[in-house]
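Chemist: Shown below is the structure under consideration.
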Amino acid sequence: MPVAIAIALLVLGSVIFHLASPWWLTPLASNWGSLDDALHITLWICAVAFVVLNLFMAWAIWRYRHRPGHRAHYEPENASLEKRLTFWTAIGIAGMLAPGLIAWSQYVNVPKEAAIVEATGQQWTWSFRFPGPDGVLGTAAVEHITPDNSFGINPLDPFGRDDILIETNELHLALNQPVKMVLRSKDVLHDFYVPQFRAKMDLVPGIVTYFWMTPTKAGTYEILCAELCGVGHHEMRGTVVVEPQEAFDAWLADQISFGQIMAQASPASISAILASADSCATPTRGSLN
Amino acid sequence: MATTIADDLRPLHHPKTWIGKYVWSQDHKVIAIQYGVTAIGIGLVALVLSALMRLQLGFPGMFPSIQPENYLQYVSMHGMIMVVYLLTALLLGGFGNYLIPLMVGARDMVFPFVNMLSYWVYLLSVLVLVASFFVPGGPTGAGWTLYPPQAITEGTPGQEWGILLMLASLAIFIIAFTMGGLNYVTTVLQARTKGMTLMRMPCSVWGIFVASIMGLLAFPALFVAAVMMMLDHVAGTSFFMPALLSMGQPLDHEGGSPILFQHLFWFFGHPEVYIVALPAFGIVSDLISVHARKNIFGYRMMVWAIVIIGALSFVVWAHHMYVSGMNPYFGFFFATSTLIIAIPTAIKVYNWLLTLWRGDIHLRVPMLFAIAFLFTFIHGGLTGLFLGNVSVDVPLSDTFFVVGHFHMVMGVSPILVIFGAIYHWYPKITGRMWNNVLAQAHFWITFLGVYAIYLPMHYLGVLGVPRRYYALGETAFIPQSAHVANEVITVAALIVFVAQGLFFYNMIWSLFRGPKAGPNPWGAASLEWQTPDTPPKHGNWGAKLPTVYRWAYDYSVPGHARDFIAQDEAPS
Amino acid sequence: MSLLSRLAEKSWLTPGAEGFDEPADYRPAAVAVGLYVYFAVMAIIFSLTVAAYLMRMGLHEALGHGAGDWRPMPEPALLWVNSFILLLSGIAWEVARRGVSRPDRIRIAVIAGGLLGIAFLLGQVMLWRHYDAAGYYLSANPANAFFYLLTAIHGLHLIGGLAAWLRVLARPRLSSIRLCALYWHSLLFIWVLLAGLLLST
């Protein structure tokens, strides 16, 4: 008997907790409202199931508790009931899956007008690269990394010369401009995650991964690494500043390009950079445009 | 003509010495206790580790001896111990060993020597794992998932020695588990007594049987992955290691794929969680049915659901990899298969509830734990739907939502079933009854406490709080209230932790001072309660094996005065 | 009764035990069933390793390593010799398995089967050392790594089979000899597949 009351109270308490809880989705700052919608649909269907099933259980425990003279009903199976329950469950499942898959098909299809931005991760810091005026990121690989070429840009690739390099942890993005975040790791697995953008993807050394989004709210947002990458994992932070196009353009113009770095580097550094390109005749495929 | 245990023609060898009876024992019941005690022992170590983790999360900065390395080591060892060395070993090695021969009417497992060996190899794997605490660098801190490259590169604790001992320990465990699994599967197939058809077996046997088959097919994936990672680490191969830097210096690897490891690991890892869940499902069916004096509703569907869930669990693994960088189009397939597996699981939930409905419910402690299982499993199963749905998973992956979900379905529900099962079968195993007041106190504190621990975590996850973070630090989107939540969760965890003392005290005290229990205090119909001796002696059934005349659920049959009919009672 | 009809049985409708034979009269020996179950484990472990092999083989292009870091290994004569020895070993076991007539012939065949198995293992070790000396060591190249891994897993299974062989020598029983023969055939079958895979890639 107390347990029946406890179950009912826990259901009530859980609902109240949900409504009163100060911890819920951060305000959405990107186009991925469809992910939030899929979450809400799932939540409603699951909430109904949670409440109905548990209140049924609480009621059944109370109603069919043992009392002297009371005996259980004998019913080995009820095939038609089970078939109906299976059917309606499948409907509920489909109702959750459909919006989820629709949102996913949006997630995997990058719009043609998306700008390319690369985020590179290493233990335990972020750096970023823009393709520059030619609109194409130069190929890059771990083999090309030298102290002066920390991004590992292939020095023989002409597309790489105008790439704009951001070595601080602060990325700027233009408001309302769709962007394909191209992700590379120099060492281990990482994950680029900004809660307000909802989208995320792992950075995998050896390949290039991606996700896309459109930032829809100006502001400053925190980047968190979301794949355990060692003892500094919790401190691998960055910032994304979303600002209007003009402010973004101004900021970008202030940043340094790979070509400029090469121009400023000492002859010894240039030799080191070029030597790294000697081993492979063909440029490695390091970016996906 | 067969000449094995199964046919009762070759007599069991009865040991004469104390060592032969209780140490190098080939009696499945002794082996079960050995597994149980070892698993619970190492589980308590993992519980202490979780307390340390919660101290750091609730009160960051207050414990200078818990540095990021230590924290990650606690996280990783806690996870691996709990999933593999406690839950799998206890449910299959412990309950599987004890219950299967008794429930199918056999004298022992079909390969008793190999069975004994499997325990000692398991113990060896535990010792190797514990040894990793004492090597230079300490145990691995790569997370229980052990992802390369970080598991074996600098920057992760234990990347030199700890990870090696972990991988070795896993390989040894898998050998032990294969020996045990062969026993459980072959015994169910070959040693059922006369009249015990497959569909007369109790759900507990079905759950453990299917889980054992799954284990035999899933653990090899972990074995292969572990061997390959060991080779990458010590022999310089590049199975999983691409060209990469470590702390700015290039390593001598090239061309390997970290995602290959993830595929192998989760090909094991997903069935693994069902290897833990299915025995719990089977056992809870029996707990509910006995204490509600009612047959498990829809027995056939329950059996089929166990089999279907077992089979489907092999095609859902990449729902752990939606944001891993694998081909994104796989997401469509795995989201669909994952949500489909929810359907037989939901049927099981409905059938458990329908067993209670119109039953004659005795709210004894085993039934209380079964009810708590239902409540928490409904919650945990439902949150799984969020994570299984690929796009909904994207913001939630690697947050505390995942931590809340998997604790609910792995750490709470099966543990509640284990407690219920131990209380339920205690009188059969020991011949004594436990103290009801202590048991009730243990139940209430545990049930309410674990819900208080894990419910808030889901909300922190939706907010975006990441997992495996040593400290949240100054993070703008995380309000102060979230830090308070962490404190509350920690306090609840410590209370639940301490309350387990009630359980251990009860179990041990009752062993010596508990009142003697009859052979069948709950009036259960299944075969294990019908042994001639309580506790059952070596050989279980006395001179002659029982004959089974009916299924395991003849409760409250109309026309019978008593509200149960034992499986070995002939029809009149 | 087929498995499906057995699983569809409505067991509450038919209490009773008439018509049930004594299990010992119709069930195969537990050891045989245990071995069949273990075949499933072997199938999985080899399939997964081969799947990883195939994935890795195709991966080098996707990763953009222009020249491809996958370099197939050469095929020395020793590889063929070893395979032949394993085949002979299997034949010996098959003779033992079918030997209904004379116990001494069975015994010779069993001894031959085991000894040839040992010869195969020694040959494998020699093959490893041959490759290693020629520069195809474990970490040089992923093709090498997989070769060593696959042959090692196969070899370990053969060692397990040799343990069973020793038991059969100590306590010869036709049923055990049959199971050993079956196990040996399965290892031969797997070896043919592995060798074919390694040679063709």
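The values are calculated or read from the model by the stated rules, or taken from the named source; none is laboratory data. Just so we're clear, the structure is a prediction, and the values are computed from it rather than from any experiment. As a convention, Cβ positions derive from the backbone with ideal geometry for all residues, glycine included, and neighbour counts pool all protein chains shown. We work out accessible area using only protein heavy atoms, side chains counted, and drop any ligands, DNA or RNA first. Shrake-Rupley method; radii C 1.70, N 1.55, O 1.52, S 1.80 Å.
Chemist: Give the residue from A:ILE41, A:GLY100, A:LEU203 lying farthest towards the positive end of the charge dipole for chain A; charges sit on Cβ (+1 for Lys and Arg, -1 for Asp and Glu) and the dipole is referred to the Cα centre.
Modeler: My answer, from the dipole projection, is A:ILE41.
Chemist: R0 = 45 Å: FRET efficiency of A:GLN245 with A:ALA90, Cβ-based, nearest 0.05? Don't skip to the end; give the middle numbers.
Modeler: On the way: r = 48 Å, r/R0 = 1.06.
The computed FRET efficiency comes out at 0.40.
Chemist: Additional query: How much of the calculated P(r) for chain A lies past 25 Å, in percent of all Cα pairs?
Modeler: 61
Chemist: By Kyte-Doolittle mean hydropathy of at least 1.0 and Cα axial length of at least 20 Å, which whole DSSP H helices of chain B are selected?
Modeler: Working: long enough: B:28-58 (43 Å, 1.41); B:112-131 (29 Å, 1.81); B:162-190 (41 Å, 1.78); B:203-234 (45 Å, 1.91); B:258-291 (49 Å, 1.12); B:330-356 (40 Å, 1.44); B:365-388 (33 Å, 1.83); B:413-430 (25 Å, 0.83); B:436-463 (42 Å, 1.15); B:480-513 (50 Å, 1.11).
Both cut-offs are met by B:28-58, B:112-131, B:162-190, B:203-234, B:258-291, B:330-356, B:365-388, B:436-463, B:480-513.
Chemist: Treating cross-link reach as a plain straight distance, find the lysines whose alpha-carbon is under 21 Å from the alpha-carbon of B:LYS516, omitting any fewer than eight places away in the same chain.
Modeler: Qualifying lysines at Cα under 21 Å: B:LYS29, B:LYS428, B:LYS537.
Chemist: Enter the mean projected area of the convex hull around the alpha-carbon atoms of segment B:1-143, in nm², rounded to one decimal.
Modeler: One quarter of the hull surface, i.e. the mean projection, equals 11.0 nm².
Chemist: Still on this model: When only alpha-carbon atoms count, how far does segment A:115-278 stretch along each of its three principal axes, as whole angstroms with the largest first?
Modeler: Computed over the Cα atoms, the extents are 44, 38, 22 Å.
Chemist: Using the Cα centre as the reference, give the magnitude of the dipole from point charges on the C-beta atoms of segment C:3-200 (Lys, Arg: +1; Asp, Glu: -1; all else neutral), rounded to the nearest 20 debye.
Modeler: Details: 15 positive and 11 negative charges, 112 e Å.
With Lys and Arg at +1 and Asp and Glu at -1, about 540 debye.
Chemist: If N is the number of residues in the protein assembly as shown, what value comes out of its Cα radius of gyration divided by 2.2 N^0.38 Å?
Modeler: 0.98
Chemist: While we're looking at this one, here's another question. Using DSSP, restrict attention to beta bridges with both residues in the protein assembly as shown and report what percent are antiparallel, rounded to the nearest 5. Don't jump to the answer; show the numbers that get you there.
Modeler: On the way: 35 of 48 bridges.
Restricted to the protein assembly as shown, the bridges split so that about 75 percent are antiparallel.
Chemist: Rounding to the nearest 20 debye, state how big the charge dipole of segment A:115-278 is about its Cα centre with +1 on each Lys and Arg Cβ and -1 on each Asp and Glu Cβ.
Modeler: Approximately 360 debye in magnitude.
Chemist: Sticking with this one: How big is the A-C contact in terms of buried accessible area, both chains counted, 1.4 Å probe, rounded to the nearest 100 Å²?
Modeler: Chains A and C together bury approximately 500 Å².
Chemist: Another question, then. Between the chain alone and the structure with every protein chain in place, find the residues of segment C:136-152 that drop at least 10 Å² of accessible area; heavy atoms, 1.4 Å probe.
Modeler: The answer is C:LEU138, C:SER139, C:ALA145, C:PHE146, C:LEU149.
Chemist: Would you look at the GNM of chain A, springs on alpha carbons closer than 10 Å, and say which of A:ILE261, A:ILE102, A:ILE61 moves the most?
Modeler: So, out of A:ILE261, A:ILE102, A:ILE61, the one fluctuating most is A:ILE61.
Chemist: In addition: Just to confirm, what accessible area per residue do you get for the protein assembly as shown at 1.4 Å probe, in whole Å²?
Modeler: 36
Chemist: Let a ≥ b ≥ c be the square roots of the eigenvalues of the Cα gyration tensor of segment C:3-200; is it rounded (a/c under 1.5), or, if not, prolate (a/b larger than b/c) or oblate?
Modeler: Oblate.
Chemist: As a test of the definition: with a 1.4 Å probe, what buried accessible area, both sides summed, do you compute for B against C, in Å² to the nearest 100?
Modeler: Between B and C, the summed buried area is about 4200 Å².
Chemist: Using a 7 Å offset from the Cα along the Cα-to-Cβ direction at both B:LYS537 and A:SER269, what is the distance between the two label points in nm, to one decimal?
Modeler: Placing both labels 7 Å beyond Cα along the Cβ direction yields 8.7 nm.
Chemist: Further question on the same structure: So what is Rg over Rh here for segment B:222-305, counting just Cα atoms and using Kirkwood for Rh?
Modeler: Using only Cα positions, Rg/Rh for segment B:222-305 is 1.36.
Chemist: For segment A:115-278, give the share of DSSP beta bridges that are antiparallel, in percent and rounded to the nearest 5; count only bridges with both residues there. The partial results should precede the final answer.
Modeler: Values: 29 of 41 bridges.
Bridges in segment A:115-278 that DSSP calls antiparallel: roughly 70 percent.
Chemist: Hey, another quick one. Which one, A:VAL242, A:ALA90, A:VAL231, projects farthest toward the positive side of the charge dipole computed for chain A from Cβ point charges (K/R +1, D/E -1)?
Modeler: The residue sitting most towards the positive pole is A:ALA90.
Chemist: Among the aspartates and glutamates, which have Cα under 13 Å from the Cα of A:LYS217 when same-chain residues fewer than 8 positions away are ignored?
Modeler: Cross-link targets: A:GLU243.
Chemist: Where does the Debye-calculated log10 I(q)/I(0) of chain B sit at q = 0.05, 0.06, 0.07 Å⁻¹, using only Cα point scatterers of equal weight, no solvent?
Modeler: For the requested q values the scattering log ratios are -0.21, -0.30, -0.41.
Chemist: Does segment B:268-371 come out rounded, prolate or oblate by the C-alpha gyration tensor, with a ≥ b ≥ c the root eigenvalues, rounded set by a/c under 1.5 and, if not, prolate when a/b is larger than b/c and oblate if not?
Modeler: Numbers: a/c = 3.16, a/b = 2.58, b/c = 1.23.
Prolate.
Chemist: What accessible area, summed over both chains, is buried at the B-A interface (1.4 Å probe, Å², nearest 100)?
Modeler: Between B and A, the summed buried area is about 9000 Å².
Chemist: May I pose another question? A drop of at least 40 square angstrom in accessible area, chain alone versus all protein chains together, probe 1.4 Å. Which residues of segment A:31-69 meet that?
Modeler: Flagged in segment A:31-69: A:LEU35, A:LEU39, A:THR42, A:CYS46, A:PHE50, A:LEU53, A:PHE56, A:MET57, A:ILE61, A:TYR64, A:HIS66.
Chemist: Measure off, as a whole percent, the carbon and sulfur share of the 1.4 Å-probe accessible area of the protein assembly as shown, all protein chains present.
Modeler: In the protein assembly as shown, the share of accessible area belonging to carbon and sulfur is 68 percent.
Chemist: In a Gaussian network model over chain C where Cα atoms closer than 10 Å are linked, find which of C:PRO28, C:PRO76, C:PRO172 has the largest mean-square fluctuation.
Modeler: The residue that fluctuates most here is C:PRO28.
Chemist: Still on this structure, please answer the following. Have a look at A:GLU170, A:GLU75, A:GLU227 and tell me which one the Gaussian network model of chain A (Cα, springs below 10 Å) gives the largest fluctuation.
Modeler: A:GLU75
Chemist: Beyond a 32 Å Cα-Cα separation, which of these cross-linked pairs lie in this structure: B:LYS348/B:LYS544; A:LYS200/B:LYS348; B:LYS21/B:LYS194; B:LYS16/B:LYS294?
Modeler: In this structure, B:LYS348/B:LYS544; A:LYS200/B:LYS348; B:LYS16/B:LYS294 exceed 32 Å between Cα atoms.
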